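Data block below; observations after.
What follows is calculated from the coordinates using simple rules that are stated; it is not laboratory data. Note that this is a predicted model, so its numbers are computed, not measured. FYI the Cβ positions are ideal-geometry reconstructions off the backbone, even for glycines, and counts take in every protein chain you see.
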Amino acid sequence: MEDMIAKIIDMDKKARDLTDEAQRSKISYENEILKKKEKIKNDYLDRAKERIEINKQTAQKKADTQLKEIEEKNDSVIRKLNSSYSENGDKWVDEIVKRVVGE
């Protein structure tokens with residue numbers, strides 16, 4: 001009878017040991033999963049930041065190009081207006097004076 005009780009106690013101890021080991025394994029796997037999840041998240045965020053920086057640089061280059069084109073067009077218009085004024089400025093002033101005075 002004592003032998004049977006000892007076997008039951010021994011089996012109970014082995015069962016608790018197995019349960020404890022399973023619990024430790026579960027915690028270990030959960031920690032490992034959390035670490036992998038965090039690594040995946042950080043990798044994704046790093047890639048996203050890189051894409052944002054590339055997109056930012058691309059957009060800046062495009063904006064700079066467009067600004068340069070607009071400035072060149074404006075300079076061209078200003079040159080044309082100055083040239084036209086140099087050629088016709090006196091005529092325009094005379095015409096304005098005539099219309100104001102009513103001649």
Taking the stated definitions as given, is V93 hydrophobic (A, V, I, L, M, F, W, C), surrounded by fewer than 10 Cβ atoms within 10 Å (Cβ to Cβ) and either in a helix (DSSP H, G or I) or on the phi < 0 side of the Ramachandran plot (or both)?
-> no
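Would you call M11 of a type outside the set (D, E), in a helix (DSSP H, G or I), without any contact (Cβ under 8 Å) to a residue 40 or more places away in the chain and surrounded by fewer than 10 Cβ atoms within 10 Å (Cβ to Cβ)?
Against the criterion (of a type outside the set (D, E), in a helix (DSSP H, G or I), without any contact (Cβ under 8 Å) to a residue 40 or more places away in the chain and surrounded by fewer than 10 Cβ atoms within 10 Å (Cβ to Cβ)), M11 does not qualify.
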